[in-house]
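No lab work stands behind these numbers, since they all come straight from the coordinates. Owing to the predicted nature of the structure, the values given are computational and were not obtained by experimental measurement. As a convention, Cβ positions derive from the backbone with ideal geometry for all residues, glycine included, and neighbour counts pool all protein chains shown.
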Amino acid sequence: VQLQASGGGLVQAGGSLRLSCAASGGTFSWYRMGWFRQAPGKERELVGRISRSGGSTSYADSVRARFAISRDNAKNTVYLQMNSQKPEDTAVYYCAADSLGFAQGMGLMTIEYWGQGTQVTVSR
């Protein structure tokens, strides 16, 4: 499976961006999807995940109520809507896929496929 992330850019604090991640080369609906981010000098962290059907989502405390993940299995695409952005949201954002059940933890060790990353910069 190949994942291609897009939609990053520069946004002012309080603004919004929507990232997209298009999948190809596999059966998209077989995979649980997640978004990670990595800020300079920090470890890559999980932002949130979404189940195969799109019916369940889970988020890190730092983004809950501001970010939303959705997917369109007909379009083989997962989205990350980011609202009320803060400077600390500045990072490279990665989409990722694994084949575990939604209830199981998602982390660096579970990921089978990574997108290439897209830079998000939030200015003060």
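I need the full set of residues from the stretch 109-124 which are more than 13 Å from the chain's Cα centre (by Cα) and in contact (Cβ under 8 Å) with a residue 40 or more places away in the chain, in order please.
Glu112, Thr121, Val122, Ser123, Arg124
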Tally time: how many residues in the stretch 14-35 are in a helix (DSSP H, G or I) and without any contact (Cβ under 8 Å) to a residue 60 or more places away in the chain?
-> 2
Filter the stretch 40-76 for residues that are β-branched (Val, Ile, Thr) and touching a Ser or Thr at 6+ places or on another chain (Cβ under 6 Å); which is nearest to Arg124 (Cα to Cα)?
-> Ile69
Of all residues in the stretch 1-31, which are in contact with a Lys or Arg (Cβ under 9 Å, 6 or more places away or on another chain) and loosely packed, with under 13 Cβ neighbours inside 10 Å?
-> Gln12, Gly14, Trp30
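Among the candidates Trp30, Trp35, single out the residue that is within 16 Å of Tyr94 (Cβ to Cβ) and not charged (D, E, K, R). Can you show your working first?
On the way: Trp30 fails: within 16 Å of Tyr94 (Cβ to Cβ).
So the residue among Trp30, Trp35 that is within 16 Å of Tyr94 (Cβ to Cβ) and not charged (D, E, K, R) is Trp35.
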